[in-house]
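Please treat every number below as a calculation from the coordinates, not as lab data. Please read all numbers here as calculations on a predicted model, not as lab measurements. So basically every Cβ, Gly included, is an ideal-geometry build from the backbone, and we count neighbours across all protein chains shown.
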C-alpha cells in the first residue's frame, strides 16, 4: 500500500493509464551529444544565430520584471502581424509553443477513435505518434519512389478526417506540386493540414489556400528559418471558425512572454531572414553538387537539409562513418529511407569539412 | 467550394471537429485591462519582480545565439535540482510549459469517455474544461460550507479514475488537512493529483506522499511564488512509472531554453523566495484583519490571495465598486462563491489603497 514503486515495471498505479498510452513505446529524448568539436547536422537547426534584433530585445529592451505577469494568452500583436503579412486577420492565426503544440491541438480537435488521420510515407514521424495519443487510426500512403504524391492518394485517404502533409516534406526534402495540393484541398472530405516548417527555404507557400478553402490549415514554425528552435514558436493559419475552435484546445498561456517578443523582433527583421535563408540555399546547392559528383543520389531539396543516398546505398554505414569523424547526421532505418541519410545544411565551414570527409570515405 | 467562410457560423468545415469540442463554449482570453494606474488583483500574480538572478541571467549570462538550438527536451538540470530538493530523483520529475501543460498531460493520460475525473466544488475552473476536452465525465463534489472536505468524499468520487485537488484550494484559499489528504491517497482507487500552485504560501507540501503512494502526483508552478507567470514553468512529481508514461504525452520540446534557465536561476535564489513569500504573507494577514474589522467574512488563507465576502455578502457589487476605483479583483458568480470576491495580495502600497477604498465603501 505504502511503497516507493519507482522501477518502471509493476507499479500498481499503471492500471489507471489509458491502455493505449500504456501500450505505446516510451519517449526517447533526442540525441544531445556533448562531444567537443562535433558538427551537429542531425536536427535541422539553423547554423546561423537569430537576428541581431533578438540580442537587442533580450539585452536592452526587455524588462525582466514583466515576467511576474501572465503573457498575452493569444499573442495578439504577433498574430496580427503574421496574419497581415499574407492578407489574413488576427482571427485567422493561432499561436503555439512550437509547431508541435499546433500539431497537438489539431490532432486533438479532429482525431479520435472514430476519426482517422492520414499522412504519406515517408514523412515526419511525429504524426503517427500524435495519432496514437488520440487512439486514432493512422493511414499511411506510400509516396512514389521519387517521393512525389501517388495518383490515387485521394482514394486511399478517403476514410480519414485529417490529412497532414509537410511541404517541403521531411525527411525527403522535396516540394510537392502546388496544383496537386490544391486539388486535394478542394476534393478531400476532411481537414487538410499543410505543415510548412521548411517553407521559407522553398520560396513557396500555401497560405493563399486558407482564403479559398474552409478546410485548410497551414502551419509554420520559427525553429528553422528564424533560428529560434530554443524559443519555441509556431503558428497556424485557417479560416476563423477553425481557429476559434482550435483555441478551445489551447493551454491558456501557451506562448511565454519572452518568446512572443523574440519572435516578433525576428519576424520584423525581414532582411536578416532573406540573407540567412539565401546563404543556406547557396550552401545546400553546393553540397548537393559535391555529393552528386561523389556518387551520392541526392534528392532535389527545397528545405534546409539534404536527403542523400551514399554510393553504396547504405545509409546506416554512412551515418556511422561520419560519426567516427565527429559529424552527426540523421539516419532513418526502414523501407524507402534506409538507403539515405538526412543532412542538415550547416555553415560553409562545416560543409567544407563534411565534403572533405565524404571524399575520404567515398572518393 | 472555394470560399472565405470566415464568420463563426456556418463553416462547412466545422463538421470535421470532434462534436464534443464543437459543443464546448468558446475560449475567452483572461482580462488584460490597459487602464492607466490600475491595481490588478485579479489573477494571483506576484506583486514583486522575479529574483535578481533572473535579471543577471537574461542581461549578462544568457547567450541568445544558443536559441538556434533545440532546448533540452526534459529540462534535466532543472528537474534534477527540483527532485533533489525533496529527496526525489530526476526520474520522478516532469517539466511543463506552466502547470497548465502538466494538468493537460495528466488529463490526457488518465481520462477519457470511460475514465471520469473528480474534483471538489468550488475549485480551479480549468479542471472541468480539461475534462470536457477529453470527453470525460467530471464528478464535482461540494465542499462543506466552511470549504473543508466532506466526510463522504471518497464514496462520492469512487467512480473516478483521476481525482485532482488544489492545496491550498482556489478560489477558497484554505488548506486541506494533510491527514485527510493522505487518507484519500491511500484509499482512492485511481490517481490523486495534488495541485500545489500556491503551496509556497502555505508552508506545507505533500511531496513526501510521492515516495509513499504509487498513485500520487504533486504538481507545482513558478507562476505564483517565483513571480514567473510570464515565463511558463510548472512541474510534477510522481513515482517513475507515472512520470515515464506522462512523458509519452509531452510535446518533445515543451519548455523553451530561456525559461529553463530563468527557472533554475530563480530556484537557486532561495533567500529571495523566502523574503518575498514572507512579505506577501505579512500583507495578507494585515489585509485580512482590516477587511474583517470592516465586516467582511474573510476565509482563512494559506495562499497569495484572500477569499472574502463583503458586509452585504454581494460579491458582484463589491467587484464592480472596486473596479470604479480602478481596483480589479476576481468575482465568481454562482453557488457558494457569489457572496465573495477573490483578492490577490499586492504590494503594501496597493493594499493600503485597497483598504482605504473598502473603508470608503463599507466603513
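Quick notes
- Relative contact order (%) - criterion: Cα under 8 Å, at least six apart; region: chain B: 21
- Inter-chain Cβ neighbour count for B:256-262, averaged per residue, equals 6 (cutoff 10 Å, partner chain atoms only).
- Prolate/oblate/rounded label for the stretch B:36-113 (Cα gyration tensor, a/c 1.5): oblate
- Where labels lie 7 Å past Cα in the beta-carbon direction, separation of residue A:10 and residue A:326 in nm: 4.6
- The label-point distance for residue A:25 and residue B:155, in a model that sets each label 7 Å from Cα toward Cβ, rounds to 4.9 nm.
- Convex hull volume per residue in cubic angstrom - Cα atoms of chain B: 171
- As a ratio to 2.2 N^0.38 Å, the alpha-carbon radius of gyration computed for the stretch B:52-268 takes the value 1.02.
- Sorted fewest first by neighbouring Cβ atoms within 10 angstrom, A:222, A:62 come out as A:62, A:222.
- Mean residue ellipticity (222 nm) of chain A, computed from DSSP H runs ≥ 4 via -39,500 (n - 2.57), nearest 500: -10500 deg cm²/dmol
- Remark: the stretch B:106-161 is approximated by an ellipsoid whose semi-axes, taken from the C-alpha gyration tensor as √(5λ), come to 21, 13, 7 Å, largest first.
- Global geometry of the stretch A:297-363, whether rounded, prolate or oblate, following the gyration tensor of its Cα atoms and the 1.5 cut on a/c: oblate
- What the Cβ-Cβ distance of residue A:297 and residue B:86 gives, at R0 = 56 Å and to the nearest 0.05, is a FRET efficiency of 0.55.
- Whether the stretch A:65-182 is rounded, prolate or oblate, judged on the alpha carbon gyration tensor where a/c under 1.5 counts as rounded: prolate
- Relative contact order, percent, the stretch B:200-288 [alpha-carbon distance under 8 Å, six or more residues apart]: 27
- Across the alpha-carbon set of the protein assembly as shown, the Rg to Rh ratio works out to 0.98, Rh being the Kirkwood radius.
- The residues A:285, B:196, B:151, when put in order of fewest to most other Cβ atoms within 10 Å, stand as B:151, A:285, B:196.
- Within the stretch A:52-268, antiparallel bridges make up roughly 35 percent of the DSSP beta bridges whose residues both belong there.
- Two-site FRET efficiency, residue B:65 against residue A:286, from Cβ-Cβ distance with R₀ of 25 Å, rounded to 0.05: 0.55
- Fewest-first ordering of B:221, B:123, A:353 by other beta carbons within 10 Å of each residue's beta carbon gives A:353, B:123, B:221.
- Averaging Cα coordinates gives a centre for the stretch A:233-271 and one for the stretch A:92-164; these two points are 21 Å apart.
- Here residue A:156 yields copy-to-copy label distances, from shortest upward, of 5.5 nm, the label point defined as 7 Å from Cα along Cα to C-beta.
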